[in-house]
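Step one of this worksheet: look at the structure below.
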Amino acid sequence: MADEELPPNRLQVATMRPDDSGRGLARLPRTMMTALGLGEGDVIELVGKRSTPARAIGPYSDDEGLDIIRLDGLQRANAEIGAGDFVGIRKAESKPAQRVVFAPAQKNLRLQGSANALKRSFGMRPVTAGDIVATTGQQQVPRGDLPPELRQMLNAPAYALQEIRLTVVSTMPKGIVHIDADTEVELRPEYTEAKEMRRADVTYDDLGGIGTTIDQLREMVELPLRYPEIFERLGVDPPKGVLLHGPPGTGKTRLARAVANESDAEFFHIAGPEIMGSAYGESEKRLREIFEQAGEASPSIIFIDEIDSIAPKRGQVSGEAEKRIVAQLLTLLDGLEPRQNVIVMAATNRPEALDEALRRPGRFDREIVIGVPDEPGRREILGIHTRGMPLKPEVDLDELSRKTFGFVGADLAALAREAAIEAVRRIMPKINLEDGTIPPEVLDTLSVTRNDFEEALKR
Ligand code: ADP
């Protein structure tokens, strides 16, 4: 990108902390805020390949003095930039909206319900048509001395028990607007294809407790996929294969998907056990087809889950089928040209059970270990999975993270889900089942309590 095309005020983009994301806030250096004449909570426009509004607030205390702007995954998607890129920053004005139309940004999601709750979920939050936004639940951010309207935005009640991603279909007036008490909000029930659909899916914000792993993968996978020319210029071959190892449920699949989304790469998922056991020759054919499609759609990431099931040590298997598949996989890996811009990621929880030939240079020669999360990691993961939930203030996520020693991400996600189900059980008597819908007043009172988590922990 040529320098002169960008506005003069530029900052390098870093990721937002997961607990703090999804709210349309941008954290930037105080020097930049002063230079632009910005107060806490003022609206700015982030200029990447696309423009999107945000509210500016000060940096995390650890970031004081750093020349970076922290944006969450949806903001990066909305501005069409990645972490590490530079984004232009302009002071902007947001007008009160007369009307805003939302629609689900996710397939297979039908929404019914209270546009009013939605209104509160996005109150004060600046948006522009085409943005993807996430509904928020009760927030647990250190909020310092924020102005009241911003505090209101942070405290916005949830729309549903789960975080939901919506596309802003249109606004009146056009441009940057925010929703206030007089705004008419319409919620279309069905999915509307957003331009950058892929990135409405998981991003780095949706992974807790693995910050350093994300940094490693960004260098290993995201950089070469996004800037192949740099690697070409340096005469360095980007890695072809990265092996993720760690116990089940630690987020390996989710991470591969997030890297693909953040790199704007196509994602191909191969379930190891599933591809096995088809008729003679079928599995190899399937592998060849996927590698071919990935090459055509590049940049691409091929993710092979449970790779040990398709490529166990050859000495240990008697079956001809396994041998043929391992041989096919090796051929396909060796045949990948750096120019093709395809990276294969594979996950296993038994790296020692893997055919050694796969781990030779030029194949899966990079390894990343993902372990069971520690207490701060569990806290971060709980924050992510309760992000869209209306939590009662007495719910103490710190305490929950202390009590959940040994839980992996999948267990913590299940815990949050169970607690939400407990909450739903409590309001069941108020729901007229014949009616089939939940009255908005009831939905609005729905909240997840400390006791719901206690009950969920007992299961
Ligand atoms: P793996 O591939 O390691 O078996 P997955 O990525 O399939 O694990 O994780 C299953 C689910 O568990 C995810 O969809 C997510 O809800 C949750 N999860 C696992 N790890 C994490 C994490 N580090 N942060 C947030 N959620 C996680």
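The values are calculated or read from the model by the stated rules, or taken from the named source; none is laboratory data. Small disclaimer: the values here were computed from a predicted structure and weren't measured. Cβ: placed from backbone, ideal geometry, glycine included. Neighbour counts: every protein chain shown. Calculation scope for accessible area: heavy atoms of the full protein, side chains included, ligands and nucleic acids excluded. Shrake-Rupley method; radii C 1.70, N 1.55, O 1.52, S 1.80 Å.
Which entries in K119/K174; K392/K458; K174/K392; K91/K392; K49/K91; K49/K285 show an alpha-carbon gap greater than 29 Å?
From K119/K174; K392/K458; K174/K392; K91/K392; K49/K91; K49/K285, over 29 Å: K174/K392; K91/K392; K49/K285.
Using the Karplus curve 6.51 cos²θ - 1.76 cosθ + 1.60 with θ = phi - 60°, work out ³J(HN,Hα) for each residue of region 323-338 in order, rounded to whole Hz, and write x for Gly and Pro.
4, 5, 5, 4, 4, 5, 4, 4, 4, 5, 5, 5, x, 6, 8, x
Using amide H atoms built 1.01 Å from N in the peptide plane, name the residues 5+ places from V344, or on other chains, whose amide H lies under 5 Å from its own.
G241, V242, I302
Label points 7 Å out from Cα along the Cβ direction at V236 and A35: separation in nm?
A separation of 2.9 nm, rounded to one decimal place.
Excluding residues fewer than 8 places away in the same chain, name every one of the aspartates and glutamates whose C-alpha is closer than 19 Å to that of K313.
Within reach: E274, E284, D305, E322, D334, E352, D355, E356, D365, E367.
Can you give me the accessible area per residue for region 341-400, using a 1.4 Å probe, in Å²?
39 Å²
Taking 30 Å as R0, compute the FRET efficiency from the Cβ-Cβ separation of A327 and E352 and round it to 0.05.
0.90
Quick one: pull the percent of accessible area on region 1-96 belonging to carbon and sulfur, 1.4 Å probe, ligands and nucleic acids left out.
Of all accessible area on region 1-96, carbon and sulfur atoms account for 48 percent.
Round to a whole number: what % of the accessible area of region 315-390 belongs to carbon and sulfur, probe 1.4 Å?
The computed percentage sits at 47.
Between D182 and R90, what's the calculated FRET efficiency when r is the beta-carbon distance and R0 is 22 Å? Round to 0.05.
Using R0 = 22 Å, I get an efficiency of 0.25.
At E282 and D365, where each label point lies 7 Å from the Cα along Cα→Cβ, what is the point-to-point distance in nanometres?
3.6 nm
Residue by residue through region 340-354, what is 3J(HN,Hα) from phi via Karplus (6.51 cos²θ - 1.76 cosθ + 1.60, θ = phi - 60°)? Round to whole Hz and write x for glycine and proline.
For region 340-354, the Karplus curve yields 5, 6, 10, 10, 9, 10, 9, 10, 8, 9, 9, x, 5, 8, 8 Hz.
For a test of the definition: using alpha carbon positions, the gyration tensor, and the 1.5 limit on a/c, classify region 329-417 as rounded, prolate or oblate.
prolate
Return the sequence-ordered ³J(HN,Hα) values of region 241-246 in whole Hz as given by the Karplus equation 6.51 cos²θ - 1.76 cosθ + 1.60 applied to θ = phi - 60°, using x for Gly and Pro.
These are the phi-based 3J(HN,Hα) values: x, 10, 9, 9, 10, x Hz.
Run the quick spin-label model on E375 and E190: label points 7 Å from Cα toward the beta carbon, then report their separation in nm to one decimal.
Distance between the two pseudo-spin positions: 5.1 nm.
At 0.36 nm per residue, minus the direct Cα-Cα distance, what do A414 and E274 gain on full extension? Give it in nm, one decimal, please.
Gain in length upon complete extension: 48.0 nm.
Mind giving me the FRET efficiency for E394 and D62? R0 is 30 Å, r the Cβ-Cβ distance, nearest 0.05 is fine.
0.55
What residues have an amide H closer than 5 Å to that of M389, excluding those fewer than 5 places away on the same chain, when H is modeled at 1.01 Å from N in the peptide plane?
For M389, whose amide H was placed from the backbone, the distant partners under 5 Å are G137, Q138.
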